[in-house]
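The values are calculated or read from the model by the stated rules, or taken from the named source; none is laboratory data. Values in this document were obtained by computation on a predicted structure and should not be read as measured data. Virtual Cβ from ideal backbone geometry, glycine too; neighbours counted across all protein chains shown.
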Amino acid sequence: MPTRVLLTLGAAVTALLFIPSRAAACTCIRGIPVCETFWKTSAVFAGEVIDITPVPSTKEPQLALGRVVRFRVKQTFRGELPGEIDVRTGSGGGDCGYTFFKGTYYLVYAHLQSGQLATGICSRTQSLAQAGDDLAYFKIAYAPTEAGRIVGRVVRQFVKVDDPFLPLSGYTVTASDGKKEWKTSTGPDGRYELKAIPPGLYTVEVAVPAGESANRYHGRELIDPRGCIGADFYVTARAAPQR
């Protein structure tokens with residue numbers, strides 16, 4: 001039987017990223033930084049895979065995950081976990097399942113799904129040997145701070161999917177909670193950072209010249225002042241009006 005874990009930290013927004021439509025392949029939101037993902041994930045731990053058990057399909061879509069992976073927990077970074085823990089994931093082939101291998105160590109980001117922990121390829125779950133950036137953040141994650149950050153980059157997106165992104169310098173990024181605004185400009189690498197951001201809900205947008213357009217973020221939440229919000233912008237040329 002899978003181990004059930006009671007965690008007080010919900011991750012509803014994160015969980016939605018792992019549940020694919022039955023009619024479509026898995027689609028992930030990329031580019032979310034560790035300083036945001038960490039605070040929106042129910043459990044984060046390093047552990048060794050000691051068993052992988054296939055699970056029959058269920059009529060409940062939220063539990064239609066094809067494997068239960070048992071881990072021997074090496075170190076817990078978020079949540080309270082026992083020495084061994086079961087985590088559900090898909091079988092692959094478009095269901096967001098992460099491919100684990102027995103005897104290998106992983107850094108696992110797992111969310112609560114119907115009372116059980118689950119993970120997938122849309123999370124930051126990865127081989128522990130490749131998790132250096134995440135592990136470095138964990139060392140400072142719980143350091144006291146009064147306010148968080150909003151970070152990201154602004155790039156030009158071209159028509160072809162395989163074209164490289166072009167960093168855009170000098171673009172103004174604004175965040176607003178409806179009462180106050182924070183502004184900054186992108187650097188030569190297209191990156192920006194808004195500091196001293198208190199927890200709350202924010203609209204984040206970038207100002208673009210006439211003839212261009214970019215995505216915009218509404219209701220992005222900073223949960224903890226020790227965390228951040230990641231917001232990347234992709235600037236494109238507006239289509240010419242049809243005559």
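In table form, for the structure just shown:
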item: Odd one out for LEU17, checked against (1) in contact with a Leu (Cβ under 7 Å, 6 or more places away or on another chain); (2) among the aliphatic types (A, V, I, L, M); (3) modelled with pLDDT under 90; result: (1)
item: Any hit, segment 114-122, residues being touching a residue at least 24 places away in the same chain (Cβ under 8 Å), among the polar types (S, T, N, Q) and touching a strand residue (DSSP E or B) at 6+ places or on another chain (Cβ under 8 Å); result: yes
item: GLU146, sole failed condition from (1) among the acidic types (Asp, Glu); (2) surrounded by 14 or more Cβ atoms within 10 Å (Cβ to Cβ); (3) within 30 Å of LEU81 (Cα to Cα); result: (2)
item: Selection within segment 201-233 - surrounded by fewer than 17 Cβ atoms within 10 Å (Cβ to Cβ), touching a strand residue (DSSP E or B) at 6+ places or on another chain (Cβ under 8 Å) and farther than 14 Å from CYS35 by Cα; result: LEU201, THR203, ALA207, GLY211, GLU212, SER213, ASN215, ARG216, HIS218, GLY219
item: Looking only at segment 43-59, and only at residues there that are at pLDDT 95 or above and of a type outside the set (A, V, I, L, M), the one that is farthest from the chain's Cα centre (by Cα); result: ASP51
item: Residue in segment 93-102 that is in contact with a Pro (Cβ under 9 Å, 6 or more places away or on another chain), crowded, with 22+ Cβ neighbours inside 10 Å and closer than 24 Å to GLU221 by Cβ present; result: yes
item: Residues within segment 213-227 that are in contact with a Ser or Thr (Cβ under 7 Å, 6 or more places away or on another chain) and touching a residue at least 24 places away in the same chain (Cβ under 8 Å), tallied; result: 3
item: Given (1) buried (at least 16 other Cβ atoms within 10 Å of the Cβ); (2) farther than 22 Å from CYS28 by Cβ; (3) at pLDDT below 95; (4) among the acidic types (Asp, Glu), index of the condition ASP86 fails; result: (3)
item: Selected residue (criterion: modelled with the lowest pLDDT) from residues of segment 106-128 that are more than 21 Å from ARG30 (Cα to Cα) and surrounded by fewer than 17 Cβ atoms within 10 Å (Cβ to Cβ); result: SER114
